[in-house]
Amino acid sequence: MAPLVTVVSSPRARLFACFLRLGTQQTGSLQLHTGASCASKNHYEVLVLGGGSGGITMAARMKRKVGAENVAIIEPSERHFYQPIWTLVGAGAKQLSFSGRPTASVIPSGVEWIKARVVELNPDKNCVHTDNGKEIFYKYLIIALGIQLDYEKIKGLPEGFAHPKIGSNYSVKTVEKTWKALQDFKEGNAIFTFPNTPVKCAGAPQKIMYLSEAYFRKTGKRSKANIIFNTALGTIFGVKKYANALQEIIQERNLTVNYKQNLIEVRADKQEAVFENLDKPGETQVFSYEMLHVTPPMSPPDVLKTSPVADAAGWVDVDKETLQHKKYMNVFGIGDCTNLPTSKTAAAVAAQSGILDRTISLIMKNQIPKKKYDGYTSCPLVTGYNRVILAEFDYKAQPLETFPFDQSKERLSMYLMKADLMPFLYWNVMLRGYWGGPAFLRKLFHLGMS
């Protein structure tokens, strides 16, 4: 990839580049630090379950509200990852090391890190149990446990990843295998899948398809590649404006899309993938592949599925406007583990964090939450190594765009934002609890045009 300064070609892109250079200079002074890594007490005013994007963000916000000593995070993982960048890692445009940092470095200073796994929630007694035998009580509980990857629900996986020609951008263990499969491609089918379940970052399964097509063109292999997107869905994207733009790209680049096709088996030793036709249950088709990118089935974390806080499907059952639990008034949810009817993305978490912050503030004062979450989410649809369609929309699947131009068009500036600006904002602004989404930018641009 060319250095950033050599590919910037517009005033807007140059603005992004200047911001990035400033950010690079400041990063050192913005590092976060952690408190003790084992529980020194068993009661906290605010207890956060999960140390992903939602958990860390809300811990930072709650620290300012009630004091660091009154906040704890339960999280077993030693490393924290900025997962949206894995699309580019799988395409060779970023290094995997760029995506991760020690968990200890992102936990807000003074906040207790309980390095354990939650095994039971008991909201009737305001406590949770961990896998190291601890019982931890809380006054307010924020559930940010993310989503579970279920590779094992596909016959032949995850053991099939030991073979070449197959990868998945959804796991730190398999994302580099995608890049290896892409580089090793010679001739045949390059297949990309989308499962019959909710997923996080629903655009990612097709982003890697567009990037792979661009890579094949760049390396002179395009004529030898039959690129296939087998999706369990019935449409390419849930928002018509962006779906229309993607359909144009699909036609222009001669990509094959098969709808209602769900991956049920991988025969990695034979380089075969088996799909079920969801319109005709029981009817299957076997595809040979030279490259296979798997998007796994996903589900709520097991600990939530049978928990009192879950709905019938296993997701944390929250009010879609306030993020407060529908039954337990001192319990709140954020991000992928909730039943909020919007796309599960880091951008959604950012917007939700601002709303949840205000909700909890009012609940702590025995007041009724007023600020309402509109379902804002964003999906930067990477369509090449220097182009992105920035999809932004709400609960009603209506565009909710930030910038004063047509975001359904492929743009270099939006690629730079995806690849370089957003990671900086994530590590240095969002995880510190200062980024609640682009609503203020949207108002600023619209005021400037009025």
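The values are calculated or read from the model by the stated rules, or taken from the named source; none is laboratory data. This is a predicted model, so every value here is computed, not measured. Ideal geometry is used to build each Cβ from the backbone, glycine not excepted, and the neighbour counts take in all protein chains shown. What goes into the accessible areas is simple: the full protein's heavy atoms, side chains included, and nothing from ligands, DNA or RNA. Shrake-Rupley method; radii C 1.70, N 1.55, O 1.52, S 1.80 Å.
A few remarks follow.
- Residues that are under 20 Å from the mean Cα position of the chain (by Cα), part of a strand (DSSP E or B) and without any contact (Cβ under 8 Å) to a residue 60 or more places away in the chain do occur in the range 379-387.
- The residue that is nearest to Met298 (Cα to Cα), counting only those in the range 182-194 that are open to solvent by 10 Å² or more (accessible area, probe 1.4 Å) and touching a helix residue (DSSP H, G or I) at 6+ places or on another chain (Cβ under 9 Å), is Phe194.
- Flag: Val294 matches the condition of being in contact with a Ser or Thr (Cβ under 6 Å, 6 or more places away or on another chain), among the β-branched types (Val, Ile, Thr) and buried (at least 21 other Cβ atoms within 10 Å of the Cβ).
- Any hit, the range 249-271, residues being within 15 Å of Ala202 (Cβ to Cβ), out of contact with any Pro (no Cβ under 7 Å at 6 or more places or on another chain) and open to solvent by less than 10 Å² (accessible area, probe 1.4 Å): no
- Of all residues in the range 339-367, those that are touching a strand residue (DSSP E or B) at 6+ places or on another chain (Cβ under 8 Å) and either touching a residue at least 40 places away in the same chain (Cβ under 8 Å) or on the phi > 0 side of the Ramachandran plot (or both) total 10.
- Counted residues, the range 105-132 - those being over 21 Å from Ala60 (Cβ atoms) and among the basic types (Lys, Arg): 2
- Looking across the range 232-270, the residues that are in a loop (DSSP other than H, G, I, E, B) and under 21 Å from the mean Cα position of the chain (by Cα) come down to Ala232, Leu233, Thr235, Ile236, Phe237, Gly238, Val239.
- Test: Val172 is part of a strand (DSSP E or B) and on the phi < 0 side of the Ramachandran plot: no
- In the range 211-225, residue farthest from the chain's Cα centre (by Cα) [restricted to those that are under 13 Å from Ala93 (Cα atoms) and surrounded by 21 or more Cβ atoms within 10 Å (Cβ to Cβ)]: Tyr215
- Within the range 84-100, tally of residues that are surrounded by fewer than 21 Cβ atoms within 10 Å (Cβ to Cβ) and touching a Lys or Arg at 6+ places or on another chain (Cβ under 7 Å): 1
- Verdict on His129 being in contact (Cβ under 8 Å) with a residue 24 or more places away in the chain and either open to solvent by 30 Å² or more (accessible area, probe 1.4 Å) or of a type in the set (Gly, Ala, Ser) (or both): no
- Those helices (runs of 4 or more DSSP H) of the range 9-92 in which at least 2 residues are within 15 Å of Pro423 (Cα to Cα) and modelled with pLDDT of 50 or more, considering only elements entirely within it, cover 53-66, 86-90.
- Among the residues listed as Lys280, Lys305, Lys320, the single one being under 22 Å from Ile143 (Cβ atoms), out of contact with any Gly (no Cβ under 6 Å at 6 or more places or on another chain) and either touching a residue at least 40 places away in the same chain (Cβ under 8 Å) or open to solvent by 20 Å² or more (accessible area, probe 1.4 Å) (or both): Lys320
- The condition of being open to solvent by less than 30 Å² (accessible area, probe 1.4 Å) and out of contact with any Lys or Arg (no Cβ under 7 Å at 6 or more places or on another chain) holds for only one of Leu441, Leu356, that being Leu356.
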